[in-house]
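Any read-out appearing in this document is the output of simple, stated calculations on the displayed coordinates, not a laboratory observation. Computed from a predicted structure; not experimentally measured. So basically every Cβ, Gly included, is an ideal-geometry build from the backbone, and we count neighbours across all protein chains shown.
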Amino acid sequence: MNMLIYLIPVALALGGLGLTAFLWSLKSGQYDDLDGAAWRVLEDDDRPKS
């Protein structure tokens, strides 16, 4: 039971760190264009230019 004194604050700190990273990624626009990457994979850029 004494280990919970250490584990609970560590778990809360890691959860807060994960939440902070997620909110930062939302603010920086990481999730703005989800379909663009999927379409860029399908484009064929290997064709020679005429």
- Item | For the stretch 20-32, Karplus couplings with θ = phi - 60° (6.51, -1.76, 1.60), whole Hz, Gly/Pro x | 5, 5, 5, 5, 5, 5, 5, 5, 7, x, 5, 10, 6
- Using helices alone, what [θ] at 222 nm do you get for the chain, with -39,500 (n - 2.57) per DSSP H run of 4 or more residues, divided over all residues and rounded to the nearest 500? -22000 deg cm²/dmol
- Query: Between Ala21 and Met3, how many nm apart are label points set 7 Å from Cα along the C-beta direction?
  - Reply: 2.4
